[in-house]
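Contents: one structure, followed by commentary.
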Amino acid sequence: MAATGTNPPGAGDERQAARWVQRMFEDVAPSYDFLNHLLSFNIDRSWRKRLLKRVAPILERPGAKVLDLCCGTGDVLLELQAASRNTVLGGDFCHPMLVTAQRKIAGRRLASAVFEGDALMLPLRDHSLDLIAIAFGFRNLTNYRTGLAELHRVLRPGGMIAILEFSHPRGWLMKAAYGSYSKFFLPLIGGLFSGSRAAYEYLPESIARFPQAEALEEMIAQAGFRETRFELLSEGIAALHIGRT
Ligand SMILES: C[S@@+](CC[C@H](N)C(=O)[O-])C[C@H]1O[C@@H](n2cnc3c(N)ncnc32)[C@H](O)[C@@H]1O
């Protein structure tokens, strides 16, 4: 059975689960960027680049309205903005992550604007966007179907979603290597530098419970997206999902 949404330890319902996720990102916000690149050996940069490449045709549309959802500290947002002539929006429900994103935007004098909001209840009008990119945020939603319905609601006909998320390694060697990495190394190093071992135990657990790429693609199609497809990155450690409205 595919997971309905993330389910952190001790959360009795979706509201509690969302609050747990929000608090966890509040705790790790100060060390997020450093640990992100350290723990992924910088491979995450190439995954984000792939996302940028796939969404480029939409970014080039005159007047395209673009949202980086679950933007966190804004790494994808900055790259989307660099490739766009219009203001790119960033949305997230974790205030300290947005403060870092805002600092980067101001430091680079970019046109981007960020807002605080829940991905499951976006403060945006129906059919108002051309592109929504989500990097490593979707897995943390407490209800994947509600999240997809919300994305579909705010996209215009002809719009696109690009969901970059951890997935499940395919080959036995990668499976074994990744298994021990995420079980031992991740919580140890992540816990040490962030001061929140729980956050870096939640990370591999949430990935393990996350649907396989095929199941997620089916969910995306069931939410009404067309031309759905995915590509596996780094032998399935991550997957990039595309869908159109
Ligand atoms: C792993 S971080 C990814 C940040 C950034 N996209 C990146 O690639 O580095 C996940 C982000 O999703 C945000 N998030 C999780 N659930 C959310 C929700 N329901 N609504 C808005 N943001 C959410 C968290 O606050 C966090 O900043």
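The values are calculated or read from the model by the stated rules, or taken from the named source; none is laboratory data. Given the structure is predicted, the values throughout are model-derived calculations rather than measurements. Neighbour counts are summed over all protein chains in view; Cβ atoms, including those assigned to glycine, are modelled from backbone coordinates with ideal geometry.
Brief remarks on what is shown
- Pair list, Cβ under 7 Å, 6 or more apart: segment 144-159 residue surrounded by 17 or more Cβ atoms within 10 Å (Cβ to Cβ), other residue assigned to a helix (DSSP H, G or I): Tyr144/Met219; Gly147/Phe138; Leu148/Met219; Leu148/Ile220
- Among the candidates Glu231, Glu201, Glu235, residue that is in a helix (DSSP H, G or I), at negative phi and surrounded by fewer than 21 Cβ atoms within 10 Å (Cβ to Cβ): Glu201
- Hits in segment 79-94 - residues which are within 18 Å of Val28 (Cα to Cα) and more than 9 Å from the ligand (Cβ to nearest atom): none
- Scanning segment 40-78 for residues that are within 11 Å of the ligand (Cβ to nearest atom), out of contact with any Asp or Glu (no Cβ under 6 Å at 6 or more places or on another chain) and either among the basic types (Lys, Arg) or part of a helix (DSSP H, G or I) (or both) turns up Asp44, Arg45, Trp47, Arg48, Leu51, Asp75, Leu78.
- Here is the figure for segment 127-150: residues that are within 7 Å of the ligand (Cβ to nearest atom), part of a loop (DSSP other than H, G, I, E, B) and small (Gly, Ala, Ser) total 1.
- Matching entry among Ala29, Ala17 (being touching a residue at least 12 places away in the same chain (Cβ under 8 Å), in a helix (DSSP H, G or I) and within 24 Å of Ala215 (Cβ to Cβ)): Ala17
- Test result for Arg153, within 27 Å of Leu78 (Cβ to Cβ) and among the charged types (D, E, K, R): yes
- Any hit, segment 151-165, residues being of a type in the set (Asp, Glu), within 26 Å of Asp33 (Cα to Cα) and assigned to a strand (DSSP E or B): yes
- Flag if Ala162 is at pLDDT 95 or above and closer than 19 Å to Ala3 by Cβ: no
- Output for segment 207-228, where each listed residue is assigned to a loop (DSSP other than H, G, I, E, B) and either at pLDDT below 95 or over 30 Å from Pro187 (Cα atoms) (or both): Ala223, Gly224, Phe225
- Per the conditions (1) more than 8 Å from the ligand (Cβ to nearest atom); (2) touching a helix residue (DSSP H, G or I) at 6+ places or on another chain (Cβ under 9 Å); (3) over 27 Å from Asp13 (Cα atoms); (4) not in a loop (DSSP other than H, G, I, E, B), the sole criterion not satisfied by Gln102 is (2).
- Residues satisfying the stated conditions in segment 106-126, i.e. exposed (fewer than 14 other Cβ atoms within 10 Å of the Cβ) and either touching a residue at least 40 places away in the same chain (Cβ under 8 Å) or away from the ligand (no atom under 16 Å from the Cβ) (or both): Ala106, Gly107, Arg108, Arg109, Ala111, Arg125, Asp126
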